[in-house]
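The values are calculated or read from the model by the stated rules, or taken from the named source; none is laboratory data. Since the structure is predicted, the reported quantities are computational estimates derived from the model, not experimental observations. Using ideal geometry, Cβ is built from the backbone for each residue, glycine included, and neighbour counts are taken over all protein chains shown. The area values use the complete protein model at the heavy-atom level, side chains included, leaving out ligands, DNA and RNA. Shrake-Rupley method; radii C 1.70, N 1.55, O 1.52, S 1.80 Å.
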Amino acid sequence: MISTARLLAGICIGTLVVVQAGAAAAQQAAEITEDKSVFDEIVVTATKKGDGQDVQDVAIAVTAFGAKQLENQHVRSLENLAFSAPNVQLDDVGTAPGFANFSIRGLGINSSIPSIDPTVGVFVDGVYMGISAGILFDTFDLEGVEILRGPQGLLFGRNVTGGAVVVRTSTPGDDLKINGRLSAETGLNKTASLVVSGPLIKDKLSAKVAVYYNDDDGWFTNQFNGNTNFGASETLILRSALHFTPSDTVDVVARYERGQVRGDGAVVSNFGLFPRESFGISVDEEGVTRNDWNQASLEFNVDTSFGDGRITNLTSYRDFSGFVTSDIDSSPSFTFHADTLTRQHQWSNELRYAGTFGALQVTTGLYYFQQDIDYIELRRLAGGALRISGGGNQEQQTFGAFASTDWKVTDTVTLSGGLRYSWETKRVRVQNLAGNLCDPIVTKTCSSYGFNDSRTWRDPTFRFGGQWQPSDETLVYAFFARGFRSGGYNFRNGNPAEAPGPFDAEKQNSYEIGLKQDFGRVLRLNVAAFHNTVLGLQREIILPVLPIGTTQVIRNSANLRLQGIEAEAVLKIGNHVTINGQFGYTDGKYTDIFFDLTGDRVINDRDFALVPPRLAPWTYGINANFTHDVRGVGELQARVGYTHRDAAWSNDNNTGLLSAADLVDANLSVETANRQWKFSIYGTNLLNDQTEGNVSPLPFFAGSTFSSINRGRVIGAEVLVRY
């Protein structure tokens, strides 16, 4: 039941700007000239219509961040945006550093098994990231980030039932640009980056070279050995791009990135030893993380007179290798240590066309994706006396064909519809966690596999809706969409009585209505309400079991209803003050249950009372931004923000609770008048609130948990230089 105080708090955050708008409107009208845009234009690419669109003209619930916003928030990882959008959680599961467990509108996963597909897809420069490993490492050189809420399967395919995160890095152009950054944070965490781009052949060929280096001494203290630098890591990323424009109608962009991370293993507390909010850690195995990746893409764009359109072909390749050793028992005794090796490589190709024929806009295309995954896990138990290993490998092929249309019925009314059909085949070999047949360190393989299987899934995705845009300031939209999340297999099967799979695809029916409204030159308000039904929900039941520690069973376990509302607002007060507010509410309820979720071997009221994992009912936040020109110095910028997220269950059987979060951030910057230098001091999580990425009960002693924890208060300073 929602408390009255909580409901009022959410409403106050969402409507604060509305209350203040009337008082500010008269003053604002007098202070702002007619030819000056007061709202920053943020371009989004989610509609794949050839050219980007203003976020206010897109009939999608999306929170978009431009390069300037990302810079002002000192975004170093997608995880830094975890509290910046309503009904969104962008968390690291914690078992293996950098492994994403994203959740949007109550649809997320709680797993570090690479064969488990996400509900929130991540796309970097148009390329789908095939596994959740390696998603939350440092990033830089960003042109924009789009967080799309709700199913996006029509244009993005499978595994986007919760939403999608679209990341765009910069593209070199004809102007010479040099961007450098140096920063230091409490920890001691040092970062340096340099991006150089510009023309090689004027108006024909331009290039970019970028390098990023982070040396993090570690924020945490391990009480087992007194190490005050636990959680240390070192990251190096090299990035390059070529932009070739041989004619006015042809545009080619080639990109390449190589990255590596070296550091400690999982940073974990045990709530059977330390209270929450203590940041207490005592582990005898600090572990190791070794991650390497390469990514390359080649994008062709050809403008054509046919429908005044554009043909795009995007080919990409990515490989990832990650080795992690972590203390799973999260205690000073050698009870459960684990070594995992994940290797993956993928390549994909998307060919699409976008054009306009009178009142009809068309986007259509073909998609191919191929991926190989190899996973090995070794559990060292009882002081190393017992060794249990397992894993699996998977070959995967996916084909998709899609078409999306927008029919402009009148100057103000547009009807839209589209269909995508996908074929996916997965071939697997799995070795259950039993005996010691797999080695992630020396041979890096399993001597045998006890389970071999393959399965093909064929699923349609479609979307139908309409939008009404009576003026440049108003957009009302509504749609119905069907999406799906891939079926698959369990590479971490510890119960020999249970087959590793397959489990089937989960399907989603989604209804959404939204409003995007500008009130003159003072207030911008975006609101969306949704009602989703998830059929054949894939649930990962994690049970503490001796002697192997934990076991996972994955099944299509239930049907789920999700519904909620969210709002974002921007208020301009005069020329100097901007207030941003957002709130979201999601309610989740199991309507049918086919497989026991609590582990007591019966389906009863206890199962129906469970809340889906990573569903925080309320999220809300507010930011106040101040800018002022100081004569002879430049522009002074100040920002202070508060965000809240309700507590949420970490696992399906609701035995591990993620703490509620109340975060306060602040920033003070001075930027020279020519924008060549910018000096900032900032603080994140100033209240020193402990948050977790994962809380899983363990069977070793009363209250024992594996609880991956995030940093508390961080103070930093940064210098930016541009040319």
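The residues in the stretch 698-722 that are at pLDDT 95 or above, among the aliphatic types (A, V, I, L, M) and farther than 15 Å from L686 by Cα can be counted, and the count is 4.
Rundown of residues vs (1) more than 23 Å from R343 (Cα to Cα); (2) of a type in the set (G, A, S); (3) touching a Phe, Trp or Tyr at 6+ places or on another chain (Cβ under 6 Å); (4) surrounded by 23 or more Cβ atoms within 10 Å (Cβ to Cβ), yes/no style:
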site: P97; (1), (2), (3), (4): no, no, no, yes
site: N101; (1), (2), (3), (4): no, no, no, yes
site: I109; (1), (2), (3), (4): no, no, no, yes
site: G126; (1), (2), (3), (4): no, yes, no, no
site: G144; (1), (2), (3), (4): yes, yes, no, no
site: L188; (1), (2), (3), (4): yes, no, no, no
site: K208; (1), (2), (3), (4): yes, no, no, no
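Determine whether the stretch 317-326 contains at least one residue that is under 30 Å from A403 (Cα atoms), open to solvent by 40 Å² or more (accessible area, probe 1.4 Å) and touching a residue at least 24 places away in the same chain (Cβ under 8 Å). Yes: one or more hits. In this structure, does Y590 turn out to be in contact with a Phe, Trp or Tyr (Cβ under 9 Å, 6 or more places away or on another chain), aromatic (F, W, Y), open to solvent by less than 20 Å² (accessible area, probe 1.4 Å) and in a strand (DSSP E or B)? It is true that Y590 is in contact with a Phe, Trp or Tyr (Cβ under 9 Å, 6 or more places away or on another chain), aromatic (F, W, Y), open to solvent by less than 20 Å² (accessible area, probe 1.4 Å) and in a strand (DSSP E or B). Counting residues in the stretch 665-674 that are of a type in the set (D, E, K, R), touching a His at 6+ places or on another chain (Cβ under 8 Å) and either at pLDDT 95 or above or over 27 Å from I542 (Cβ atoms) (or both) gives zero.
Within the stretch 425-464, the set of residues being among the hydroxyl-bearing types (S, T, Y), without any contact (Cβ under 8 Å) to a residue 60 or more places away in the chain and assigned to a strand (DSSP E or B) comprises T425, S454, T456.
When we screen N291, N313, N270 for residues that are closer than 30 Å to Y353 by Cα and either out of contact with any strand residue (DSSP E or B) (no Cβ under 9 Å at 6 or more places or on another chain) or of a type in the set (S, T, N, Q) (or both), the only hit is N313.
Of all residues in the stretch 651-671, none are surrounded by fewer than 18 Cβ atoms within 10 Å (Cβ to Cβ), assigned to a strand (DSSP E or B) and polar (S, T, N, Q). R675 fulfils the conditions (1) among the charged types (D, E, K, R); (2) in contact (Cβ under 8 Å) with a residue 60 or more places away in the chain; (3) assigned to a loop (DSSP other than H, G, I, E, B) except for a single criterion, (2).
Taking the stretch 671-723 as the range and being out of contact with any Ser or Thr (no Cβ under 9 Å at 6 or more places or on another chain) and of a type in the set (A, V, I, L, M, F, W, C) as the test, the residues that pass are A673, W677, L686, L687, A702, V721.
Residues in the stretch 269-292 that are more than 18 Å from H337 (Cα to Cα) and open to solvent by 10 Å² or more (accessible area, probe 1.4 Å) were compared, and the one that is nearest to the chain's Cα centre (by Cα) is D292.
Restricting attention to the stretch 377-418 and to residues that are of a type in the set (K, R) and closer than 30 Å to S331 by Cβ, the residue that is least open to solvent (accessible area, probe 1.4 Å) turns out to be R379. The requirement of being of a type in the set (F, W, Y) and surrounded by 20 or more Cβ atoms within 10 Å (Cβ to Cβ) is not satisfied by Y421.
The residues in the stretch 678-696 that are closer than 30 Å to D600 by Cα, part of a strand (DSSP E or B) and not acidic (D, E) can be counted, and the count is 4.
Checking the structure you have, find out if any residue of the stretch 629-645 is surrounded by 17 or more Cβ atoms within 10 Å (Cβ to Cβ) and on the phi > 0 side of the Ramachandran plot. Write out each step before concluding.
Pass one, the stretch 629-645, residues surrounded by 17 or more Cβ atoms within 10 Å (Cβ to Cβ): 634, 637, 639, 641-645.
Those still in the list that are on the phi > 0 side of the Ramachandran plot too: 634.
Yes - at least one qualifying residue is present in the stretch 629-645.
State which residue is modelled with the lowest pLDDT when the search covers only the stretch 83-127 and only residues that are β-branched (V, I, T) and in contact with a Gly (Cβ under 6 Å, 6 or more places away or on another chain). My answer is V93.
Of A133, A164, which residue is more than 28 Å from D40 (Cα to Cα), in contact (Cβ under 8 Å) with a residue 40 or more places away in the chain, among the aliphatic types (A, V, I, L, M) and surrounded by 24 or more Cβ atoms within 10 Å (Cβ to Cβ)? Break it down into steps so the answer makes sense when it comes.
Values: A164 fails: more than 28 Å from D40 (Cα to Cα).
Answer to the selection: A133.
Going through T245, T342 one at a time, which residue ends up being in a strand (DSSP E or B), surrounded by fewer than 21 Cβ atoms within 10 Å (Cβ to Cβ) and either more than 28 Å from the chain's Cα centre (by Cα) or at negative phi (or both)?
On the way: T342 fails: surrounded by fewer than 21 Cβ atoms within 10 Å (Cβ to Cβ).
Being in a strand (DSSP E or B), surrounded by fewer than 21 Cβ atoms within 10 Å (Cβ to Cβ) and either more than 28 Å from the chain's Cα centre (by Cα) or at negative phi (or both) holds for just one of T245, T342, which is T245.
Scanning the stretch 597-635 for residues that are among the acidic types (D, E) and part of a strand (DSSP E or B) yields D629, E635.
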